[in-house]
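Note sheet for the following structure.
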Amino acid sequence: MEDKLSSRERMMAAIERREPDYVPLCFMIFSALKNKCKDLSEFVEKQLEFGLDAVVDLSAMPPPEQTEHTDLHGLPVRFDSRVKVNEWIEARTDQGCPLLHKEYTTPAGKLKTVVRQEEDWLHGDHIPLFDDYLIPRSEKFLVSDRSDLERLEYLLMPPSEEDIDEFGKAAQPLKELARERDLLVIGGWGVEMDAACWLYGMENLIFAAIDDPEFVEEIAKLISRWNQARMQVFLDVGVDLFIRRGWYESADFWPPDLYRQFVLPSLQEEVRMAHQAGAKFGYILTTSTMPLLDILLESGIDVLIGIDPVQGRDTDLLEIKRRLGGKICLWGGVNGFVTVEMGEKEEIENAVETAISAMAPGGGFILSPVDNIRDTSEEVWKNVQIMIEAWKKHRTTARHPRLPE
């Protein structure tokens, strides 16, 4: 390709495992910059000023209410109208931190959770339904056993017609921005086992996969039905790429046999939904990916997001490229926290060059820090610029024939 591509054309070429004019650089998450911007439009424009291949993320639109799902995006979480919620604080007499209580009264009975209000608790006197902070701080998880699933269903209502209408209206200005700038439109985030961990506890879920696999299948199917109803809204509005989060779906938690049993079925169904709607499917998996590579090929995903050579546990860039190259687009290649936020100039430059030389030949690679740049200090901003300059230096050096199938 001799002509310079638009950003969307470049990203689509990479996603379709074709060789673009040069390797795109698109941060999978860039909180440090986003938090400095007044809205998503400014966030996109600032990235373009850096020369990045920015995407327009419809899931980053703030929903009308965010109190129940701080680790999900785009659409509000709705309870059945008959659900009543009661929250209170219990002071400890043993000098321990206060305990937060939350009780949901549903038509099928009550659900209750108890969380330690430790000093770093982010949500005041409130317990959200979904949040990473729940996992290490819960004295009692919301779901205790199979009998709770009937009650949980009342907390996982599909988006209402009003929600869908409001989402569609809010998406239009962003889609227009994407058209004007010719940028990729993405949406999500889909969720399954991450949500199960928030609701039931990570260790509890893994033990149950061995001791009570039918229960794990039931909670996974319940979450999956809810998730697919939300996913359909994004597909109907129109996205180029739908993304599912799988931070808690790696081989750190699910060895291949359990992954195939509990995770793969819903993943394959969501890929089918995306492809039927004319969208591509991206999957975030940032650690212990190597044991799952063959299963990821079976899943049909288009993009593997979050390839981390430092914190990714035994991640082998060359081996991933050898096994997935030409079949799945690879997104990542450089560690965000250790390398970009904390690294020296030479370390950052070497990491960029290594990632591009290992993963870009033949196409199908998008460079990114994994998985986020959070620090807003001047030193980190300098490091970000070092990464960008290294990318500009090496982004055209890996143009080679496509790898053999």
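The values are calculated or read from the model by the stated rules, or taken from the named source; none is laboratory data. Because the structure is a prediction, the values reported are computed rather than measured. Please note: Cβ atoms are built from the backbone with ideal geometry, for glycine as well, and neighbour counts cover all protein chains shown. The protein model used for the area step is the full one, side chains on, heavy atoms only, and it has no ligands, DNA or RNA in it. Shrake-Rupley method; radii C 1.70, N 1.55, O 1.52, S 1.80 Å.
Which ones in region 150-162 are surrounded by fewer than 19 Cβ atoms within 10 Å (Cβ to Cβ) and either acidic (Asp, Glu) or part of a helix (DSSP H, G or I) (or both)?
Let us first name the residues in region 150-162 that are surrounded by fewer than 19 Cβ atoms within 10 Å (Cβ to Cβ), namely 150, 153, 157-158, 160-162.
Listed by number, the residues that qualify are GLU150, GLU153, GLU161, GLU162.
Restricting to region 81-117, and then to whatever is touching a helix residue (DSSP H, G or I) at 6+ places or on another chain (Cβ under 6 Å) and either among the aliphatic types (A, V, I, L, M) or surrounded by fewer than 13 Cβ atoms within 10 Å (Cβ to Cβ) (or both), can you tell me which residue is nearest to TRP198 (Cα to Cα)? Among those that are touching a helix residue (DSSP H, G or I) at 6+ places or on another chain (Cβ under 6 Å) and either among the aliphatic types (A, V, I, L, M) or surrounded by fewer than 13 Cβ atoms within 10 Å (Cβ to Cβ) (or both), it is VAL115.
Taking LEU297, is it assigned to a helix (DSSP H, G or I), open to solvent by 10 Å² or more (accessible area, probe 1.4 Å) and of a type in the set (A, V, I, L, M, F, W, C)? So LEU297 passes the test. Screening TRP189 with (1) open to solvent by 10 Å² or more (accessible area, probe 1.4 Å); (2) of a type in the set (Phe, Trp, Tyr); (3) outside any strand (DSSP E or B) gives one miss only, at (3). Name the single residue that is nearest to the chain's Cα centre (by Cα) among those in region 322-341 being open to solvent by 10 Å² or more (accessible area, probe 1.4 Å) and farther than 30 Å from TRP381 by Cβ. So, considering only residues that are open to solvent by 10 Å² or more (accessible area, probe 1.4 Å) and farther than 30 Å from TRP381 by Cβ, the one nearest to the chain's Cα centre (by Cα) is LYS327. Does region 379-387 contain at least one residue that is open to solvent by less than 10 Å² (accessible area, probe 1.4 Å), polar (S, T, N, Q), more than 24 Å from GLY188 (Cβ to Cβ) and not in a loop (DSSP other than H, G, I, E, B)? Yes: one or more hits.
Tell me whether region 228-235 contains one or more residues that are open to solvent by less than 10 Å² (accessible area, probe 1.4 Å), in contact (Cβ under 8 Å) with a residue 40 or more places away in the chain, in a loop (DSSP other than H, G, I, E, B) and more than 20 Å from LEU155 (Cα to Cα). No, because not a single residue in region 228-235 is open to solvent by less than 10 Å² (accessible area, probe 1.4 Å), in contact (Cβ under 8 Å) with a residue 40 or more places away in the chain, in a loop (DSSP other than H, G, I, E, B) and more than 20 Å from LEU155 (Cα to Cα).
Using the structure shown, decide if LEU367 is in a helix (DSSP H, G or I) and either closer than 23 Å to ASP21 by Cα or of a type outside the set (S, T, N, Q) (or both).
In short, no.
The listed residues are ALA195, ALA171, and the only one of them that is touching a Phe, Trp or Tyr at 6+ places or on another chain (Cβ under 8 Å) and open to solvent by less than 10 Å² (accessible area, probe 1.4 Å) turns out to be ALA195.
When you look at LYS221, is it in a helix (DSSP H, G or I) and open to solvent by 50 Å² or more (accessible area, probe 1.4 Å), yes or no?
Working: in a helix (DSSP H, G or I): yes; open to solvent by 50 Å² or more (accessible area, probe 1.4 Å): yes.
For LYS221, the condition - in a helix (DSSP H, G or I) and open to solvent by 50 Å² or more (accessible area, probe 1.4 Å) - is met.
Can you find even one residue in region 101-120 that is closer than 23 Å to VAL191 by Cβ and modelled with pLDDT under 95? Looking for residues that are closer than 23 Å to VAL191 by Cβ and modelled with pLDDT under 95, one finds none in region 101-120, hence no.
Within region 118-145, restricting attention to residues that are out of contact with any helix residue (DSSP H, G or I) (no Cβ under 8 Å at 6 or more places or on another chain) and open to solvent by less than 30 Å² (accessible area, probe 1.4 Å), the residue that is farthest from LEU205 (Cα to Cα) is ARG137.
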